[in-house]
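J.: Would you mind keeping the following structure in view while I ask a few things?
The values are calculated or read from the model by the stated rules, or taken from the named source; none is laboratory data. All values derive from a computational prediction rather than experimental measurement. Heads up, the Cβs are rebuilt from the backbone with ideal geometry, glycines too, and the neighbour counts pull from every protein chain shown.
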Amino acid sequence: MLTKLENLSKAIEDAQKNFDGVKTELDSLEMSRLQDIINVAKKGLKFEKIYSEKIASKHSTDYQYFEDIKGILIDQIEIKDKQGQYGRTTNYRELFLLSDCSFKVFYYTEDISYWQDESSTYSREISKYQELNQFNFDNITESIIKALEKRLIDLGDRTKEQKKRLEKLEALKVK
C-alpha cells in the first residue's frame, strides 16, 4: 500500500514538472507572438486617454482621466456581479495596450443605480495583479485585429466626409 502511494506521488510530481515545463514554453511562445503582433499593429492603432472615473446621469456625463496614460482596451474579465433592488455593481479586470506598447491591467467597477436619477459611476484603478496570463492570448490578438479594422473603417468614413467638404469648397470657389 505504501509503495503504491509512493509511486502515485512520484508520478504526480513528474507529471507536474512536465506540465510546468510545457506551460513555461507555451507562455514564452505566446509572449513572443504577441510582441510580433504589437510591433506590426502599433502604427495603425489609435490610443485614447483612459478615464479613471465616469459619472453619468440622465442629463450629463463627467470624466476624469489618468495623467499621461493612453491606451486601447484589449480584454475584460468579469470578476463579480452583484444585483440589488436599487442597482447593480459589477467588477472587472481589464487589459489595456498602452501607447508605449506595454500592457497594463486595471480593476474596473460599474455602479449602476435604478433610482429616479438613474446615475451611474464607473471607476478604474491600476490593478495590483498585473499578470498577462490571466487573459486569453487569442482574445488579445483578435481584439487588436478588430481595433485595426475599426480604425480603417473610421479613417475611410472620415476621408469621404473630408472629400465632400473639399468638393463643396471647390465648387464655391469656381463660382
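J.: Under the condition of being outside any strand (DSSP E or B) and out of contact with any helix residue (DSSP H, G or I) (no Cβ under 7 Å at 6 or more places or on another chain), which residue from region 44-58 is farthest from ILE126 (Cα to Cα)?
T.: LYS58
J.: Considering only residues of region 117-164 that are closer than 21 Å to SER52 by Cα and of a type in the set (Asp, Glu), which is surrounded by the fewest Cβ atoms within 10 Å (Cβ to Cβ)?
T.: Filtering first and then ranking leaves GLU131.
Yes/no per residue for (1) among the β-branched types (Val, Ile, Thr); (2) modelled with pLDDT of 90 or more; (3) in contact with an Asp or Glu (Cβ under 9 Å, 6 or more places away or on another chain); (4) surrounded by 10 or more Cβ atoms within 10 Å (Cβ to Cβ):
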| residue | (1), (2), (3), (4) |
| --- | --- |
| ASP14 | no, yes, no, yes |
| ASP27 | no, no, no, yes |
| GLN35 | no, yes, no, yes |
| ALA56 | no, no, yes, yes |
| SER60 | no, no, no, no |
| ILE72 | yes, yes, yes, yes |
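J.: Restricting the search to region 63-72, which residues are among the aliphatic types (A, V, I, L, M) and either in contact (Cβ under 8 Å) with a residue 60 or more places away in the chain or within 24 Å of ILE112 (Cα to Cα) (or both)? I'd like the intermediate steps shown before the answer.
T.: Of region 63-72, the ones among the aliphatic types (A, V, I, L, M) are 69, 72.
Across region 63-72, the qualifying residue is only ILE72.
J.: Further question on the same structure: Can you name the residue in region 74-85 that is within 14 Å of the chain's Cα centre (by Cα) and without any contact (Cβ under 8 Å) to a residue 40 or more places away in the chain and, of all such residues, is surrounded by the most Cβ atoms within 10 Å (Cβ to Cβ)?
T.: First pass over region 74-85, keeping only residues within 14 Å of the chain's Cα centre (by Cα): 74-78.
Filter once more, so that each one left must be without any contact (Cβ under 8 Å) to a residue 40 or more places away in the chain: 76, 78.
Working: GLN76: 16, GLU78: 10.
The selected residue is GLN76.
J.: In region 119-164, how many residues are in contact with a Phe, Trp or Tyr (Cβ under 8 Å, 6 or more places away or on another chain) and of a type in the set (A, V, I, L, M, F, W, C)?
T.: 2
J.: Is it the case that region 61-76 has a residue that's in a loop (DSSP other than H, G, I, E, B) and among the aromatic types (Phe, Trp, Tyr)?
T.: Scanning region 61-76, I find no residue that is in a loop (DSSP other than H, G, I, E, B) and among the aromatic types (Phe, Trp, Tyr), so the answer is no.
J.: Among the aromatic types (Phe, Trp, Tyr) and over 24 Å from the mean Cα position of the chain (by Cα): which single residue out of TYR129, TYR122, TYR108, TYR114 fits that description?
T.: None of the other options fit; the residue is TYR114.
J.: Identify the residue in region 6-62 that is in contact (Cβ under 8 Å) with a residue 40 or more places away in the chain and of a type in the set (Phe, Trp, Tyr) and, among all such residues, is farthest from LEU73 (Cα to Cα).
T.: Looking at residues that are in contact (Cβ under 8 Å) with a residue 40 or more places away in the chain and of a type in the set (Phe, Trp, Tyr), I get TYR51.
J.: Kindly evaluate ASN39 against the criterion of being at pLDDT 90 or above and assigned to a strand (DSSP E or B).
T.: Taking the combined requirement at face value, the residue does not satisfy it.
J.: Go through region 96-136 and report how many residues are farther than 27 Å from LEU26 by Cβ and modelled with pLDDT under 90.
T.: Looking only at that region, the number is 13.
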